Amino acid sequence: MLLGEIFQVALQAIRANKLRSFLTMLGIIIGVGAVITMVALGSGAQKAVQERIQALGPTLLSLYPGQSFRGGIMIDFGSRVSLTVDDANALASSARYVKAVVPELTRNLQIKKGGQNANVNIVGTTPNYPVVKNYTLTAGRMFTAGEDEGRRRLAVLGSAIPDMFNANPAAMIGQEIQIRGIPFEIVGVLSSKGSAMGFGNPDEQVLIPLQTARYRIMGTDRLRTITVDAANVQQMTLSMIEIERVLRREHKIRPGGENDFQIRNQSDILATFQQTTQTFTYLLAGIAAVSLLVGGIGIMNIMLVSVTERTREIGVRKALGATRFNILFQFLVEALVLCLVGGIIGILFGALGAVALSKLAHWNTSINFFAIVVAFVFSAIVGLFFGIWPARRAAALDPIVALRYE
């Protein structure tokens with residue numbers, strides 16, 4: 001038999017049982033589609049976080065209380081240790097290689113406007129917050145240093161807050177919202193930053209003056225975090241050394257003692273999150289790949305059934321001069337075509353699934369070309385691997401026994 005005839009006979013056998021062929025391909029379709037979608041989710045998460053951190057700025061350092069690392073193990077110092085407003089003031093006045101210091105006194109509280117309410121992050125901070133965090137104001141203004149010192153009841157809303165109250169951002173300027181029953185005048189609305197997976201939504205927050213938060217709302221000077229803007233990228237290491245020196249002095253840590261605070265730059269945060277999302281991506285892709293193996297087993301099962309059904313046909317072909325290689329190659333072509341067609345359909349479904357998650361669920365997705373190639377090649381390998389046994393069984397049939405088969 002010529003190769004062209006072998007391909008033609010194999011394709012005719014697939015077309016003769018369209019429904020069975022489709023059901024056989026279903027495992028491959030689901031497996032490839034799931035791999036493409038899961039990898040797209042992981043890649044999208046990494047890309048979103050990278051864009052978020054780049055938007056914040058490469059010179060930002062984040063200081064967190066009560067944590068230190070030794071040999072990769074976190075040491076928790078408990079509630080006895082914290083960052084305070086005095087720490088932020090010391091950094092602003094004493095630390096060299098530092099451009100700006102932004103203390104953040106944060107708590108999740110209920111805000112109320114009219115008959116509506118919502119739970120959001122209330123952030124007590126200083127007037128330089130938008131500049132350091134790379135925000136702009138779409139409406140109104142930021143409160144001033146004088147208003148902060150005067151403990152004025154002023155609020156600057158994140159871009160998602162007006163949507164929560166079905167209001168126009170510009171129209172909310174001058175209106176009042178209540179935080180813990182205390183009225184605050186809305187003086188500004190921030191631009192949108194967008195959410196990143198694992199990082200919350202920075203648009204769902206309300207900024208109020210630090211001294212107002214400290215004395216009128218939260219009654220504490222313990223900060224959730226301090227953001228420090230280093231002088232420049234080249235002096236990031238010097239900035240971290242200076243920050244560590246000042247904080248150790250403020251916390252009265254003796255030489256050789258462990259830090260009771262954590263200093264992290266944006267690249268560290270990005271690397272940690274990328275490593276985590278990559279691990280989960282591999283895990284999810286591995287689980288999805290199991291569907292490919294299940295699909296391959298399904299193909300082998302159906303091909304074995306096909307060999308049994310077509311035993312007499314195989315005997316006739318051998319009697320007419322078909323070699324063992326002709327029969328082997330024909331059944332391998334059938335298995336390979338089923339897997340490759342299933343792989344192509346699976347790629348389309350996977351890409352459509354990633355787009356649907358992005359549009360409908362508003363998840364960050366990024367279709368990975370390398371993942372598409374790997375999934376397609378893997379589906380071809382599955383077809384060859386699980387098609388060999390049925391093909392060899394068909395090729396090994398004795399033509400006399402095959403012709404007698406009923």
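The values are calculated or read from the model by the stated rules, or taken from the named source; none is laboratory data. What you see is a predicted model; the values in this text were computed from it and never measured. Don't worry about glycine lacking a Cβ; one is built from the backbone with ideal geometry, like all the others, and counts go over all protein chains shown.
The set of residues in the stretch 108-147 that are among the polar types (S, T, N, Q), on the phi < 0 side of the Ramachandran plot and in contact (Cβ under 8 Å) with a residue 24 or more places away in the chain comprises 110, 116, 121, 125, 126, 128, 136, 138.
Taken over the stretch 259-309, the residue count meeting the criterion of being in a loop (DSSP other than H, G, I, E, B) and buried (at least 20 other Cβ atoms within 10 Å of the Cβ) is 1. Here residue 125 clears all of (1) surrounded by 22 or more Cβ atoms within 10 Å (Cβ to Cβ); (2) farther than 25 Å from residue 99 by Cβ; (3) β-branched (Val, Ile, Thr) except the condition numbered (2). In the stretch 145-152 there is at least one residue matching the filter, namely being in contact with a strand residue (DSSP E or B) (Cβ under 6 Å, 6 or more places away or on another chain) and closer than 30 Å to residue 266 by Cα.
Read through the list (1) within 34 Å of the chain's Cα centre (by Cα); (2) modelled with pLDDT under 95, then give the number of the only condition that residue 206 fails. Checking residue 206 against (1) within 34 Å of the chain's Cα centre (by Cα); (2) modelled with pLDDT under 95, the one that fails is (2). For residue 196, the conditions (1) modelled with pLDDT under 90; (2) part of a helix (DSSP H, G or I); (3) outside the structural domain of residue 370 (by TED's automatic domain parsing) are fulfilled apart from (2).
Evaluation of residue 106 against the conditions (1) crowded, with 20+ Cβ neighbours inside 10 Å; (2) closer than 29 Å to residue 236 by Cα shows that the sole unmet condition is (1).
For the stretch 84-98, how many residues meet the condition of being out of contact with any helix residue (DSSP H, G or I) (no Cβ under 8 Å at 6 or more places or on another chain) and either assigned to a strand (DSSP E or B) or in the same structural domain as residue 210 (by TED's automatic domain parsing) (or both)?
Step one: list which residues in the stretch 84-98 are out of contact with any helix residue (DSSP H, G or I) (no Cβ under 8 Å at 6 or more places or on another chain), which gives 84, 88-89, 92-93.
Next, only the ones that are either assigned to a strand (DSSP E or B) or in the same structural domain as residue 210 (by TED's automatic domain parsing) (or both) stay: 84.
The qualifying residues number 1.
Candidates 171, 155, 118: the one that is of a type in the set (Gly, Ala, Ser) and either loosely packed, with under 14 Cβ neighbours inside 10 Å or part of a helix (DSSP H, G or I) (or both) is 171. Which condition number in (1) within 30 Å of the chain's Cα centre (by Cα); (2) surrounded by fewer than 18 Cβ atoms within 10 Å (Cβ to Cβ) is the one that residue 220 fails? (1) is the only condition that residue 220 fails. Can you tell me which residue within the stretch 22-48, out of those that are crowded, with 20+ Cβ neighbours inside 10 Å and out of contact with any Ser or Thr (no Cβ under 7 Å at 6 or more places or on another chain), is nearest to residue 309 (Cα to Cα)? If we take residues in the stretch 22-48 being crowded, with 20+ Cβ neighbours inside 10 Å and out of contact with any Ser or Thr (no Cβ under 7 Å at 6 or more places or on another chain), then 24 is nearest to residue 309 (Cα to Cα). Annotation note: Cβ proximity below 9 Å between a residue of the stretch 92-107 that is within 9 Å of residue 225 (Cα to Cα) and a residue that is basic (Lys, Arg) (sequence gap 6+ or interchain) occurs for 102/133; 104/224; 105/214; 105/222; 105/224; 106/224. Screening residue 253 on (1) surrounded by 16 or more Cβ atoms within 10 Å (Cβ to Cβ); (2) touching a residue at least 40 places away in the same chain (Cβ under 8 Å); (3) more than 19 Å from residue 100 (Cα to Cα); (4) of a type in the set (A, V, I, L, M, F, W, C) shows it passes everything except condition (2). At least 1 residues being farther than 19 Å from residue 304 by Cβ, at pLDDT 80 or above and among the small types (Gly, Ala, Ser) is the threshold, and among the helices (runs of 4 or more DSSP H) wholly inside the stretch 316-406 those reaching it are 324-360, 369-395.
Of all residues in the stretch 375-404, those that are buried (at least 17 other Cβ atoms within 10 Å of the Cβ) and closer than 30 Å to residue 43 by Cα total 6.
The number of residues in the stretch 267-322 that are closer than 23 Å to residue 25 by Cβ and among the small types (Gly, Ala, Ser) comes to 9.
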